[in-house]
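The values are calculated or read from the model by the stated rules, or taken from the named source; none is laboratory data. All values derive from a computational prediction rather than experimental measurement. In this analysis, Cβ positions are derived from the backbone assuming ideal geometry, glycine residues included, and neighbour counts consider all displayed protein chains.
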Amino acid sequence: MTANKTFYLLWLGQLISNFGTQISFYGIGLWLFSMSGNIKDFALVAIIVQLARLSFLPFITKLIKIFPRKKLMIASCFFGALCTLALAYLLFNNSLTFNLYLLLIVQALAAIADAIIIISFSSLIPILVNSAEELKKANGLFASTDNLILTISPFLGSWFLGLFGIKGILLCDCFSFFLAITFVLLAPFSSQLVSKISVLKQNNTKYIFSSYKIFKKMWNESNSFYFIFVLTITISYSYASTEILFPAWISTAYGTSRMGYTLVTAVIGYILGFTFWNFISVNLLKKTLFTSITIQALILMGSGLSFFENKTNIWMLSVFLFSLLLPIVTSNIQHFWSNLTPKKYLTDIFAIRYAGEWSSRILSFFFVSILVNDFIEPLLFHPNLPTWMRLSLGNTNGREIAVSLGLIGWLLFLGMIVSQRRRCNLKRSCN
C-alpha cells in the first residue's frame, strides 16, 4: 500500500513538473517567434532543450547512482524553479528583451533538471510496483499522461501566452516546480523501498560513460532489447513528426474552424484508449501493440491519398482511432521497457531509452520541413509527374503536408517490421 502511495505522489510531482516545463518551452518559443517573426527562433528553443538533455545524460545517470533518489528529485525541482524564477525576474525588470543567449542557457538548465526528474521516476516504477497487473496500470498511467502533455503543450502554450503573456507563463512554470516539490516531499520512502533502490546503484562504475557499454552489451545479447529500442525510436520520430505536420495540415487545408472539432474528437479518443488499456490482458500486450501500430500506420498512409480528403466522416473517424490507439502504444512501450530491463541496469537503460527518444525528436524537427518543402512539394507540382499519381496524391492546399504524413505512416510500418527482423533471422538460423 505504501508503494502505491509513493508511486502516485511521485507521479503527480513528475506530471506537474513536466506540464509546467513543456508549457514554458512552447510559450517561450512562440514569444521569440512573435518578437522576430522568424520560425527558426521557435524551433531553436526545442532543439536547445533536447540537446541540453542529451549532452548532460551521462552525468544524470551518475547523479542518480550517487545520491538518494528522493533528495535528488527534490533538488532538481528546486533548481528548475530557480531557473524559471530567474528568467521571470529578468523579464519583469526588462533585462532580457534582447538577450537570447541568456534565455536559452537558463532554459537548457531547466530542461536538464526536468530530465533528471523524468529518468529518476520512470526507472523507479518497476521497483515501486511489483504486481504484474499493477505494473501494467502504473506504466499505462505514466506513459499516457506524459504523452498527452507532449501532445497538448503546443496548443496550451500558445493559449497561455495569449492570456498571461511570457511573464505569466514563466511564473506558472515556477509554481509547477514548487508544487512538484510538495508531492515528492509527501511521498513515503520506507526502509524496505530504500533497500530495493540500492539495487539500482550496483552498476556504479568509475567511468561516466558506462551506459554505452551496457547499451552495447544489451544490443548484442538481447533480441528483446533490439526489438523495443528500434520500435521506440521509430514511434518517437513518427509521433513527433505528426505533432508538427497534423496541425499544419488542418490549418492549411481546412482552416481553424476544423481545429476545435478535431481536438475534441482526439481528446475523447485518447481518454477511451487509456480506459481500454486497463482492460487488456498482460498476455495480449504484444499482439495489441503490433495491431495498434499497423492501424495507425494505415491511417497516416490514407492521409496521403486525395480520395479521403473531403470524406469528413472517414477523416474524423481516423482522428478518433489514431488518438484512441495513442495511449495504448505508448503504454505498451513503457511496459516493455520496465519488464525487459534487468533491475540493476534500470537507470542506465532508461537513460539510453530517453537518449533515443529525444534524439529522434530532434531529427524530426530538422527533417520534417525539408521533407515537405524540398521534396514533396516540388514532386507534386513536377510537370513529369504521372497523371495517375497526380490524381491519387492531389495538388490542393496542404496536399504536400498530407503526403508527408503518408510517408510517415510507411516509416512507422517499416519500423515495426525491422524491429522484429533479428528475431526472425535467428529463428531461421536455428532451424
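Before moving on, here are some points about what is shown:
- When residues in the range 381-395 are screened for being out of contact with any Gly (no Cβ under 8 Å at 6 or more places or on another chain) and either under 14 Å from F308 (Cα atoms) or in contact (Cβ under 8 Å) with a residue 12 or more places away in the chain (or both), 5 of them pass.
- Any hit, the range 273-291, residues being loosely packed, with under 14 Cβ neighbours inside 10 Å, of a type outside the set (A, V, I, L, M), in contact (Cβ under 8 Å) with a residue 24 or more places away in the chain and not in a helix (DSSP H, G or I): yes
- Note on the range 283-309: among residues that are at pLDDT 85 or above and over 23 Å from the mean Cα position of the chain (by Cα), the one that is farthest from S241 (Cα to Cα) is L284.
- Residue check, L245 under 16 Å from R399 (Cα atoms), surrounded by 19 or more Cβ atoms within 10 Å (Cβ to Cβ) and either of a type outside the set (S, T, N, Q) or in contact with a Pro (Cβ under 9 Å, 6 or more places away or on another chain) (or both): yes
- Among the residues of this structure, I149 does not count as one that is more than 30 Å from I268 (Cβ to Cβ) and in the same structural domain as Y26 (by TED's automatic domain parsing).
- Test for L102: is it surrounded by 21 or more Cβ atoms within 10 Å (Cβ to Cβ) and in contact with a Leu (Cβ under 8 Å, 6 or more places away or on another chain): no
- Flag if P327 is surrounded by fewer than 19 Cβ atoms within 10 Å (Cβ to Cβ) and not β-branched (V, I, T): no
- For the range 358-366, the criterion of a residue being over 26 Å from L289 (Cα atoms), in contact with a helix residue (DSSP H, G or I) (Cβ under 9 Å, 6 or more places away or on another chain), of a type in the set (F, W, Y) and exposed (fewer than 14 other Cβ atoms within 10 Å of the Cβ) is satisfied by at least one position.
- Here the helices (runs of 4 or more DSSP H) wholly within the range 310-391 that include at least 2 residues being within 23 Å of L124 (Cβ to Cβ) and either at pLDDT 85 or above or in the same structural domain as G255 (by TED's automatic domain parsing) (or both) are 312-340, 346-370.
- Check on S158, surrounded by fewer than 20 Cβ atoms within 10 Å (Cβ to Cβ), touching a residue at least 40 places away in the same chain (Cβ under 8 Å) and hydroxyl-bearing (S, T, Y): yes
- All positions within the range 51-86 that are among the polar types (S, T, N, Q) and under 25 Å from Q192 (Cβ atoms): T61, S76
- Pairs where the first residue, in the range 132-150, is among the β-branched types (V, I, T) and the second is in a helix (DSSP H, G or I), C-beta under 7 Å, 6+ apart: T145/L15; I149/N18; I149/F19; I149/Q22
- A count restricted to the range 362-398 and to residues that are within 29 Å of L44 (Cα to Cα) and not hydroxyl-bearing (S, T, Y) stands at 18.
- The set of residues in the range 156-200 that are farther than 13 Å from I28 by Cβ and charged (D, E, K, R) contains only K196.
- The residues listed here are S360, S323; of these, the one that is touching a Phe, Trp or Tyr at 6+ places or on another chain (Cβ under 9 Å), polar (S, T, N, Q), under 16 Å from L405 (Cβ atoms) and in contact (Cβ under 8 Å) with a residue 24 or more places away in the chain is S323.
- Within the range 176-206, restricting attention to residues that are part of a helix (DSSP H, G or I) and out of contact with any helix residue (DSSP H, G or I) (no Cβ under 7 Å at 6 or more places or on another chain), the residue that is modelled with the highest pLDDT is T182.
- Look at (1) at pLDDT below 75; (2) crowded, with 17+ Cβ neighbours inside 10 Å; (3) of a type in the set (G, A, S); (4) over 22 Å from F365 (Cβ atoms) and you find that A86 fails only one, number (1).
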